[in-house]
Amino acid sequence: MIFTDVMVIGGGPAGMNAALTAAESGAQVLLVDKFQKLGGQLVKQTHKFFGWADRGAGTRGFNLAKQLAAQVNAHPNIKTLLGYEVIGGYPDQTYLAASWEDHVKISAKKAVICTGAAERMILFENNDLPGVMGAGAVQTLMNEYGVLPGESFLIVGSGNVGVILAYQLLQAGAHVDAVIDVLPKLGGAYWVHAAKVQRLGVPLLLRRTVLGVYGTEHVEEAVTAEVGENMEPVAGTEMHHKVDVVALAVGLMPLTDLFQMLQVRTEYIPELGGFVPWHDELGHTTNPNVYVAGDAGGIEEATTASLGGSIAGLVAAKELGFPVDENRIQEYLRALSSFRESSLSKKVLEGIERMRGDSNA
Amino acid sequence: MLNVDGVPTLDDVMRNFPSEERLIKGFVAVHECYQDIPCNPCVESCPVHAISMEKLTTPPVIDFNKCTGCGNCVASCPGLAIFLLSLKNGSAQVTIPYEMMDVPEKGEKVDGLDRYGRKVCEADVARVVKLPSLDKTSRTTLVTLEIPRELLPVVRSFRRR
Ligand SMILES: Cc1cc2nc3c(=O)[nH]c(=O)nc-3n(C[C@H](O)[C@H](O)[C@H](O)COP(=O)(O)OP(=O)(O)OC[C@H]3O[C@@H](n4cnc5c(N)ncnc54)[C@H](O)[C@@H]3O)c2cc1C
Ligand code: SF4
Ligand code: SF4
């Protein structure tokens, strides 16, 4: 059994920042991640990040991960447990983490859960044919393992994830046939990201969906069609795309299994990506020993995940009795709200309001 | 159109375009960043403080008269949304940030592309430099093309032959 003050589950930007602020406050921290490497989603991102220059914007994602990981590894109060997935949490504040070979039991006074999100799938004919994959899988293969999983790609979904994937594929020398979206306009990608892909000649096809993929052993062709007002495909608008990979970038949803196991109440908030653990601005959930930060509490982005992590780490340490400078918490909260002043955060803010409102009902 | 596909129209671009007088003096930065995204590396990267922003979520404003055309902001912008333009010595040049592997060489002939990747002219590669981005952990290649003068507001990309 490993004993610790604070266990942070997930080593993405939220988790690494939570571990750092809790440790700086004097708490003993155990940071667990199921991958062998710290960084979460950042590791796969070769593009320069948006946000505040002093919170890492303008830095490429994987370099951000490296910088944070170096701070984590240098901190004497932080132990890391990599390659272990936390698969169980029990009412007596013990947890079970398993690797491919063995498992360990962990007793933690407080847990900060920063497990991020999972990718969504959509239905179409033969969507189990090899060659249909999540955008995240393509990124992991390409940017972490150096393997390009195909030659010609169709990307479904024009949010930041789909558009950035298109760009990274071009950088890797692949052909990107098109980025499609059922919406009549860009599906949430920043305009500048969408513009930089289109100027390299990748068409953005709006109001279009995938009907199916075809091939004998793997994808050889994808068929798409325009959708009408009722979102039904319009006959006669079919396009045949000669591609060997169809990458789905149709959204993320928070991973909530652990919260459910820990008796944390979850709410269905579509603006935040689906079921999310109820939480307040400090990261408290409905279980007094469980905190949340980052995409696990609602899909947003890296700067807000980092700030949320910093806050939850401080709050967990404070509630264990460690001396914490209240001003620091307030500063992070102020940074979070000025970041969310963008009209692009409107949806997230509405979701947060609804989630918090629901609890008062 | 910006609110459909994120690509600015020529009208959007011309609304905030350096004067001919300024362009004749040499390179000046122009941005095509119109959305209220929370982002500011351009502001932080400018050594002469020519770029300002009301707050993090408002688009940047470039003071064309302060700008020296150094290119730091071009290399630091995560949206690749800043370009340098010049009409000095009677030649129209555009500097484009380029993150693909097949970097062209000086003197090479390439196809000049518009904002949708459509060929609009032939262009000569006048200069290729690598500048550090804001955090100094990586460098971004900037490619300068010589293009027909009337296409100065149009060419924002290129393809190698
Ligand atoms: C293609 C793409 C481009 C993006 N571009 C940008 C951008 O330009 N700017 C920006 O700000 N944001 C961007 N983002 C979003 C940003 O990467 C995420 O919002 C951010 O990484 C969320 O941080 P997190 O710490 O909450 O989760 P993650 O980074 O997802 O980390 C979660 C970690 O938890 C671990 N984990 C999960 N479950 C368990 C478990 N049970 N036990 C142990 N470990 C577990 C995972 O292995 C992972 O390491 C992008 C995302 C994608 C996919
Ligand atoms: S080109 Fe140089 S001087 Fe001009 S705005 Fe950009 S960083 Fe500032
Ligand atoms: S760095 Fe680029 S994307 Fe960010 S605000 Fe400046 S111009 Fe816009």
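The values are calculated or read from the model by the stated rules, or taken from the named source; none is laboratory data. It should be emphasised that the depicted structure is a prediction, and the values quoted were computed from it without experimental measurement. For neighbour counting, all protein chains shown are included, and Cβ atoms are generated from backbone atoms with ideal geometry for every residue, glycine included. Side chains included, ligands, DNA and RNA excluded: accessible areas come from the protein's heavy atoms. Shrake-Rupley method; radii C 1.70, N 1.55, O 1.52, S 1.80 Å.
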Exception for A:GLY215 within (1) within 25 Å of B:LEU113 (Cβ to Cβ); (2) in contact (Cβ under 8 Å) with a residue 40 or more places away in the chain; (3) open to solvent by less than 50 Å² (accessible area, probe 1.4 Å) falls at (1)
Evaluation of A:TYR268 against (1) without any contact (Cβ under 8 Å) to a residue 12 or more places away in the chain; (2) aromatic (Phe, Trp, Tyr); (3) touching a Ser or Thr at 6+ places or on another chain (Cβ under 9 Å) (one fails), failing number: (3)
Any hit, segment A:131-145, residues being surrounded by 15 or more Cβ atoms within 10 Å (Cβ to Cβ), within 14 Å of chain B (Cβ to nearest Cβ) and touching a residue at least 12 places away in the same chain (Cβ under 8 Å): yes
Residue by residue through segment B:54-69, note down the ones that are buried (at least 17 other Cβ atoms within 10 Å of the Cβ) and not in a loop (DSSP other than H, G, I, E, B). B:ILE62
Candidate set from segment B:35-48 (those that are assigned to a helix (DSSP H, G or I) and not acidic (Asp, Glu)); member that is nearest to the other protein chains (Cβ to nearest Cβ): B:PRO41
What number goes with the only condition from (1) buried (at least 20 other Cβ atoms within 10 Å of the Cβ); (2) within 12 Å of ligand 2 (Cβ to nearest atom); (3) within 14 Å of chain A (Cβ to nearest Cβ); (4) modelled with pLDDT of 95 or more that B:GLU32 does not pass? (2)
Residue match in segment A:195-211 (condition: open to solvent by 20 Å² or more (accessible area, probe 1.4 Å), at pLDDT 95 or above, assigned to a strand (DSSP E or B) and away from chain B (no Cβ under 14 Å)): yes
Looking at the structure I just gave you, is A:VAL86 among the β-branched types (Val, Ile, Thr) and open to solvent by 10 Å² or more (accessible area, probe 1.4 Å)? yes
Of all residues in segment B:70-122 being among the hydroxyl-bearing types (Ser, Thr, Tyr) and open to solvent by 10 Å² or more (accessible area, probe 1.4 Å), which is nearest to the other protein chains (Cβ to nearest Cβ)? B:TYR116
Any chance you could count how many residues in segment B:60-88 are more than 14 Å from ligand 2 (Cβ to nearest atom) and at pLDDT 95 or above? 2
Restricting the first residue to segment A:27-52 and requiring it to be within 10 Å of another protein chain (Cβ to nearest Cβ) and of a type outside the set (Asp, Glu), which pairs with a second residue that is open to solvent by 10 Å² or more (accessible area, probe 1.4 Å) and within 16 Å of ligand 2 (Cβ to nearest atom) meet a Cβ separation below 7 Å and a spacing of at least six or different chains? A:PHE50/B:CYS39; A:GLY51/B:CYS39; A:TRP52/B:ASN40
Are any residues in segment A:274-328 within 25 Å of A:THR94 (Cα to Cα), assigned to a helix (DSSP H, G or I) and open to solvent by 50 Å² or more (accessible area, probe 1.4 Å), and if so, which ones? A:LYS318, A:GLU319
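For (1) in a strand (DSSP E or B); (2) surrounded by 24 or more Cβ atoms within 10 Å (Cβ to Cβ); (3) away from ligand 3 (no atom under 16 Å from the Cβ), each residue gets a yes or a no:
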residue	(1), (2), (3)
A:VAL32	yes, yes, yes
A:LYS37	no, no, yes
A:LEU42	no, yes, yes
A:ASN63	no, no, yes
A:VAL72	no, no, yes
A:VAL104	yes, no, yes
A:ILE122	no, no, yes
A:ALA70 vs. criteria at negative phi, without any contact (Cβ under 8 Å) to a residue 12 or more places away in the chain and more than 16 Å from ligand 2 (Cβ to nearest atom): yes
Identify the residue in segment A:345-361 that is in contact (Cβ under 8 Å) with a residue 60 or more places away in the chain and not small (Gly, Ala, Ser) and, among all such residues, is nearest to the other protein chains (Cβ to nearest Cβ). A:VAL348
Selection count where residues are open to solvent by 20 Å² or more (accessible area, probe 1.4 Å) and over 19 Å from B:GLY117 (Cα atoms), scope segment B:4-21: 7
Evaluate segment B:6-28: report whether one residue or more is in a loop (DSSP other than H, G, I, E, B), in contact (Cβ under 8 Å) with a residue 24 or more places away in the chain, at the interface with chain A (Cβ under 8 Å from one of its Cβ atoms) and in contact with a Gly (Cβ under 8 Å, 6 or more places away or on another chain). no
